[in-house]
Amino acid sequence: MTVIEALLSLGLLPPETPGHQAAVQLLQRQRAQDWVTSFGILHAHRIDLFVHAALRTSPLWANIPDTLRQRIEACAEATRRAETLGQVAAAAGGAALREAGIDAVACKGIVLAMDYYAERGLRPMQDIDLWIDTHQMQTCTDTMEQLGFHCENKLPADRVRIFRNAWGIAFDIHTEMSLFQSAGWSTADLSRPHATQPFRVFCPEATLAHLLVHMIGHIREIGLLVGWLVDLVLVLREHLDQLQWQMVRSLLPRNGTWQLFLRFLLLFEASGWIVVPSDLEPEIRRLRQVEWSVILRQRRLAAWGLPRPRGWARWARAQLFGAAPDRPQPLPPTPGDLILWVRDALIEQTALFHREAAMLTRRNYEFRRGDPEAPPGRGDEATS
């Protein structure tokens, strides 16, 4: 068991399970600086608050340095307040749009935070993503402006409009879901009314498909975030017995995404977080699970833009002249990272980089907006 597995297992496994107890035993050997380093990694992967919530009720909480505990608590409280405001805004926005005749579909951060995480403040998000029909955009714009949100972009060619209010709460209103539309599905076909909120949500199969493609699409920009993997685990555990696997597969682009998903399932099974469904057994056992070391290494490299030439230049500049005082620096790559990415490239091929050619070519690190699997809208959707 790795340290990252142990930290995540505190929140994903009940205390009485052997996996949780093994995680506690491993983490009891952590020194003060180890906790600082671990939470730096967790923060870089946007999963520190999820682990923090599990640690609060664990005897391990006393082992964490006071200054680190105080910093995490302050961050958690700020995130809880922001999520509360976001949920209120989402409910108000959804109700106003429905009254205007628009049945919006919500997904990603807001739905995950409300429906899959145990309490508020565990799943950070930067905006509220809604999908509507193209012809409804003007009505939507008028409605959002009446609620005090101003539109930051009104270019007709955009597939998304960003609305923000004076508190900084942002809605990303999308008019296309190319992932599903290219396969002949509409958002109405794949969504259903939310049980308590005035908007629709995607069915579990569509939710999984969109989370996977969104995650893979942003690997080039920011790497593979462990927080996104936890999203997958929680959605899977909620719906594992009811999921229609053939439907999930049909919704994914035919470029190796399904095989990568199965490899994630093997990783989750090895960590004790899920049990692989029997329907998938024959196919999944022929594959090799994704390694935690590859995931963490790729995040460190992608945060610097490595191994692309511009990333090497940025990293070299930081080594020669130090970090810019007004810019937070990502986790530094280790000397081993700079060597082992070649090994990862040769072994992984397309699996983590969404390409059919070997990862050593430049086009493996390009996520072209013209691809049918490209996430709709802006390139910074990774914030959701």
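The values are calculated or read from the model by the stated rules, or taken from the named source; none is laboratory data. Just so it is clear, the structure is predicted and the values come from calculations on it, not from any experiment. Note: ideal-geometry Cβ built from the backbone for every residue, glycine included; neighbour counts use all protein chains shown.
Quick check: is even one residue across the range 16-23 surrounded by fewer than 20 Cβ atoms within 10 Å (Cβ to Cβ), touching a residue at least 40 places away in the same chain (Cβ under 8 Å) and among the hydroxyl-bearing types (Ser, Thr, Tyr)?
The answer is yes, given that some residue of the range 16-23 is surrounded by fewer than 20 Cβ atoms within 10 Å (Cβ to Cβ), touching a residue at least 40 places away in the same chain (Cβ under 8 Å) and among the hydroxyl-bearing types (Ser, Thr, Tyr).
In the range 111-124, is there at least one residue being out of contact with any His (no Cβ under 8 Å at 6 or more places or on another chain), in a helix (DSSP H, G or I) and free of Cβ contacts under 8 Å to residues at least 24 places away in the same chain?
No, every residue in the range 111-124 fails to be out of contact with any His (no Cβ under 8 Å at 6 or more places or on another chain), in a helix (DSSP H, G or I) and free of Cβ contacts under 8 Å to residues at least 24 places away in the same chain.
Could you tell me how many of the residues in the range 182-211 are of a type in the set (Ser, Thr, Tyr) and surrounded by fewer than 21 Cβ atoms within 10 Å (Cβ to Cβ)?
Here the count works out to 3.
Which condition does residue 101 not pass, out of (1) in a loop (DSSP other than H, G, I, E, B); (2) at pLDDT below 95, if it passes all the others?
It is condition (2) that residue 101 fails.
Just to be sure, is residue 233 buried (at least 19 other Cβ atoms within 10 Å of the Cβ), modelled with pLDDT of 95 or more and aliphatic (A, V, I, L, M)?
yes
Quick check on the range 19-33. Is at least one of its residues under 30 Å from residue 209 (Cα atoms) and touching a strand residue (DSSP E or B) at 6+ places or on another chain (Cβ under 7 Å)?
No, the conditions are met nowhere in the range 19-33.
Filtering the range 273-286 down to residues that are in a loop (DSSP other than H, G, I, E, B) and surrounded by fewer than 15 Cβ atoms within 10 Å (Cβ to Cβ), which residue is nearest to the chain's Cα centre (by Cα)? So that I can check it myself, show each step before the final result.
As a first pass, look at the range 273-286 and keep what is in a loop (DSSP other than H, G, I, E, B): 273-277, 285-286.
Among the residues that remain, those that are also surrounded by fewer than 15 Cβ atoms within 10 Å (Cβ to Cβ) are: 275, 277, 285-286.
Working: 275: 22, 277: 23, 285: 26, 286: 27 Å.
Within the range 273-286, the match that is nearest to the chain's Cα centre (by Cα) is 275.
Is there any pair linking a residue in the range 333-346 that is more than 19 Å from residue 318 (Cα to Cα) to one that is assigned to a helix (DSSP H, G or I) and at pLDDT 75 or above, with Cβ under 6 Å and at least six apart or on different chains, and which?
Final answer for the pair search is 341/301; 344/294.
Of the conditions (1) over 18 Å from the mean Cα position of the chain (by Cα); (2) of a type in the set (A, V, I, L, M, F, W, C); (3) assigned to a loop (DSSP other than H, G, I, E, B), residue 247 fails just one. Which one is it?
Evaluating residue 247 over (1) over 18 Å from the mean Cα position of the chain (by Cα); (2) of a type in the set (A, V, I, L, M, F, W, C); (3) assigned to a loop (DSSP other than H, G, I, E, B) leaves (3) as the failure.
Looking only at the range 136-181, which residues are surrounded by fewer than 13 Cβ atoms within 10 Å (Cβ to Cβ), in a loop (DSSP other than H, G, I, E, B) and touching a residue at least 24 places away in the same chain (Cβ under 8 Å)?
167
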